[in-house]
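Single-structure report; data block below.
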Amino acid sequence: MILKNIIITILLMLTVSCGYHLRRAIDLPEQYRNLYVEGASPALKKQLKKLIKTSSAKLVSEPESAGLVLHVIEDNMRQNVLSLSTTGKATEYELYYVLTFELLDADGNSLMPRDSIELSRDFFDDQSGDTVLGKAAEANTIRQEIYKQAVRRLFDQARGYLRKLPGN
């Protein structure tokens, strides 16, 4: 029993010392917690909803009832071929995502100037054999992870910028 407690204590100390931290929910200033989203793709909205569920923020259906309006200017995911097999089929792809947005108040005044987030991931897509369905699922998972990372970055940038505004 004592050995078990010592091992647990050592593991906890190692975890803390390596810089590991739990991801926290988004924490926006009080007056910006009602969020309206315009111009986002369904995939981006899905990730926004998932993140907002774990926070004190709330999605609203009308911009007039929002303290913060996320105006998505560009929400574009594209797939580029990186390499070809000897038969000419694509075997490696890059998923490249661009999110350009600005934050406005309910009256349309800019709270944060236009900003962009660009992300990319490479993946190998061997279309031979029995892995075709698995590779399609892998590409879909990578897309979801890109959207998730973009939403995290968006809120990290927004939180930092909004806290610098007067009255926060």
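The numbers here are math on the coordinates, done by the rules we state, and not lab data. Values in this document were obtained by computation on a predicted structure and should not be read as measured data. Counting neighbours? That spans all protein chains shown, and the Cβs are built from the backbone with ideal geometry, glycine included.
Quick notes
- Spin-label pair Lys148/Lys46, simplified geometry with 7 Å Cα→Cβ offset, distance in nm: 1.2 nm
- Extension gain, Gln31 to Ser110, is 27.0 nm, computed as 0.36 nm per intervening residue step minus the present C-alpha separation.
- For the cross-link pairs Lys89/Lys148; Lys4/Lys46; Lys4/Lys148, the ones whose C-alpha atoms lie over 32 Å apart are Lys4/Lys46; Lys4/Lys148.
- Sorting 47-57, 94-104 by average packing, meaning the other beta carbons within 10 Å per residue, from highest down gives 94-104, 47-57.
- Segment Tyr161..Thr86, full-extension length gain: 22.0 nm, with 0.36 nm per residue of separation and the alpha-carbon distance subtracted.
- Temperature 25 °C, viscosity 0.890 mPa s: under these conditions the Stokes-Einstein estimate for the range 28-163, based on its Kirkwood radius over C-alpha pairs, is 150 µm² per second.
- Taking label positions 7 Å along the Cα-Cβ direction at both Val98 and Ala137, the computed distance is 3.3 nm, reported to one decimal.
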